[in-house]
Every structure is written in structure tokens, then in C-alpha cells.
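A quick write-up on the structure given underneath.
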Amino acid sequence: QTVVTQEPSFSVSPGGTVTLTCGFSSGSVSTNNYPSWYQQTPGLAPRTLIYSTNTRSSGVPDRFSGSILGNKAALTITGAQADDESDYYCVLYMGSGIWMFGGGTKLTVL
Amino acid sequence: QLQLQESGPGLVKPSETLSLTCTVSGGSSSSSSYYWGWIRQPPGKGLEWIGSIYYTRSTYYNPSLKSRVIISVDTSKNQFSLKVNSVTAADTAVYYCSSLPMVRGVLITAADSWGQGTLVTVSS
């Protein structure tokens, strides 16, 4: 069975740039998978950052951007800030109305 | 702006049925522009998509949960609901309701607006 893969953890320096990825265990991600990205801090509901590959949700700063890089979806954070330290989840459309989340990436800013 | 609020029991006994309701405000559950969905997160773990429903009662379910899950919508109350049958400790999670916007008839994300989430514990 295909699963959605993300890096378990990543670190970035304050002010730096980081790219998180979201792929399939088998196969390539495309815009037809409508990749979305969510940010979650402990104890709170997720916040929608990006949907449909590269559309920022309302109020999301342009430091966050989405794209397809090679065979994966990608979330790039530029000018990382301390409050970007969170868990980041992607979700992909599998077809037939079904969505699948990745396991999440824990981002540390240090 | 859409606001979603989950409600329901926080404790369910094993083998019984988990029932939650999501109330929609700032919008209509009979809107043709949205599906309405449920997502859960076991303590300390990642997000799991459960399923979604349209105002026409068309539904989609996670294949791994399909045999135990029913999602329904009550447009007269501006609510939609989740039932999970035969629960076990593995169903202990924070349950979130969400909106799934459609653009030109195409679902573009699994969740746009989120409820605050409600913890449901399965224990005797």
C-alpha cells in the first residue's frame, strides 16, 4: 500500500531557509494530488498554510511557499523565525475522494 | 469566515459507538462549495483523514476505517456528524472537523478551516 512520506525531523537556523518534502513511498507527486501543508503547534489545531500545491491560505505570510520539486511536493520556509518551530503535515489526494496525510515533520529552529 | 465547533462525549467505552457533531457557523452546511470532513490525531501521533460528506449526502471514507464509520449531515441544523462503531483504545484521539472547499467542482484540499478539536478517550 502506498504511504505518504515526510522527513521525521529537520532543523533550520533563525533567518535561514528550509525545504520540507512530501512524497509517495512509490510513485511521483503531481499537482493532481493537490498537495496541502499544515502547521501545528502542541495542543492546538492545525493551521492551513498551503493548498492546491502553491496557494497560500488567508493570512499566511509569503515566507511560506509550496511547489513540486522533482517527484515530491515541497514546502519552503524562508527567513525562518522562532515561532516557525512546529510540526508540519502534508496531505495528498489519492483519487476517489480519498486523502492521505504524511507522518509529519518536526521542525526545530536553532 | 467559516467557524467549526465539535461537540460530543469525551469518554466512550470499548465496543460502543463514538458520536460527535460539528456545528458550522459563518456559512452553510448546504453550501455547494464545500465538503465537510473529519480528521483525527491519536495522542503524540500524526493526523489521519477519516472521511467527508457533501450536502447531497455523498460520502468518502478512509478505506481503513470505512467498515466502522458513518458521516452524516443535517442541513436544517447546520451540522454534520461522525459515528465510529465498535471502538477500541486505538480510537482514542483528538477529533477535528474541517471544511473541504471545492473549486469548479474539484476538491482542492482535505481541510481549509478546522474546528478546535475534541479529545475522545476510549476506556472502561
* To do: Find the Cα radius of gyration of the range A:53-110, compare it with 2.2 N^0.38 Å by division, and give the number to two decimals.
  => 1.24
* Structure fact -> Over the Cα atoms of chain A the radius of gyration and the largest Cα-Cα distance (Dmax), both in Å, equal 13.1, 41
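Note the full-extension length gain between A:Ser96 and A:Thr55 as 0.36 nm times their separation in residues minus their Cα-Cα distance, in nm to one decimal.
On the way: separation 41, 0.36 × 41 = 14.76 nm, distance 2.25 nm.
Fully extending the segment from A:Ser96 to A:Thr55 adds 12.5 nm.
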* Asked: Which of the residues in the range A:35-60 show a loss of at least 20 Å² in accessible area from their chain by itself to the complete set of protein chains, at a probe of 1.4 Å?
  -> A:Tyr38, A:Gln40, A:Ala45, A:Pro46, A:Thr48, A:Tyr51
* Asked: Based on Cβ point charges of +1 for Lys and Arg and -1 for Asp and Glu, what charge dipole magnitude is obtained for the range A:1-104 about its Cα centre, in debye rounded to the nearest 20?
  -> 260 debye
* Could you give me the ³J(HN,Hα) list for the range B:21-31, computed from phi with Karplus coefficients 6.51, -1.76, 1.60 and θ = phi - 60°, whole Hz, x at Gly and Pro? -> 10, 10, 9, 9, 10, x, x, 10, 5, 9, 5
* What whole-number value in Å² describes the accessible area per residue of the range A:1-79 for a 1.4 Å probe? -> 47 Å²
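Shape verdict for the protein assembly as shown, please, from the Cα gyration tensor: rounded (a/c under 1.5), prolate (a/b greater than b/c) or oblate.
Values: a/c = 1.66, a/b = 1.45, b/c = 1.15.
Verdict is prolate for the protein assembly as shown.
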* Asked: Residues of the range B:28-48 losing 50 Å² or more of accessible area relative to the isolated chain, 1.4 Å probe, heavy atoms only?
  -> B:Leu47
* Asked: Of all the accessible heavy-atom surface of the protein assembly as shown, with the other protein chains kept in place and a 1.4 Å probe, what percent is carbon and sulfur?
  -> 48 percent
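Nearest 100 Å² is fine: what is the total accessible surface buried where chains A and B meet, probe 1.4 Å? Intermediate values should be presented prior to the final figure.
On the way: alone 5680 and 6340 Å², together 10400 Å².
It comes to approximately 1600 Å² buried between A and B.
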* Structure fact -> HN-Hα couplings for the range A:93-101 via Karplus (6.51, -1.76, 1.60; θ = phi - 60°), in whole Hz with x for Gly/Pro, come out as 7, 9, x, 6, x, 9, 10, 9, 8
* Nonlocal amide H pairs with B:Val94, under 5 Å, H built at 1.01 Å -> B:Gln41, B:Val120
* Calculate, for A:Thr31 and B:Ser76, the FRET efficiency according to 1/(1 + (r/R0)^6) with r their C-beta to C-beta distance and R0 35 Å; round to the nearest 0.05. => 0.40
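Using a 10 Å cut-off on Cβ to Cβ distances, tally the other chain neighbours for every residue of A:97-105 and report the average as a whole number.
Numbers: counts 10, 9, 13, 6, 8, 2, 3, 4, 0.
Mean partner-chain Cβ count within 10 Å for A:97-105: 6.
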* Structure fact -> Computed over chain B, the convex hull of the Cα set has an average projected area, in nm², of 7.2 nm²
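Keeping all protein chains in place, calculate the accessible area per residue for the range B:10-103 (probe 1.4 angstrom), answer in Å². List each step's numbers first, then the result.
Numbers: 3970 Å² over 94 residues.
The answer is 42 Å² per residue.
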* **Lys/Arg +1, Asp/Glu -1 at C-beta; chain A dipole; positive extreme among A:Thr53, A:Trp37, A:Gly104** => A:Thr53
* Structure fact -> Stretched fully, the stretch from B:Ser32 through B:Thr88 gains (0.36 nm per residue minus C-alpha distance, one decimal, in nm) 16.6 nm
* To do: Tell me the label-point distance for the pair A:Val3, B:Lys66, using the 7 Å Cα-to-Cβ offset, in nm and rounded to one decimal.
  => 2.1 nm
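The values are calculated or read from the model by the stated rules, or taken from the named source; none is laboratory data. These numbers come from a predicted model, not from an experiment. Note that we place each Cβ from the backbone using ideal geometry, even for glycine, and neighbour counts take in every protein chain shown. Just so you know, the surface numbers come from the protein's heavy atoms only, side chains and all, with ligands and any DNA or RNA stripped out. Shrake-Rupley method; radii C 1.70, N 1.55, O 1.52, S 1.80 Å.
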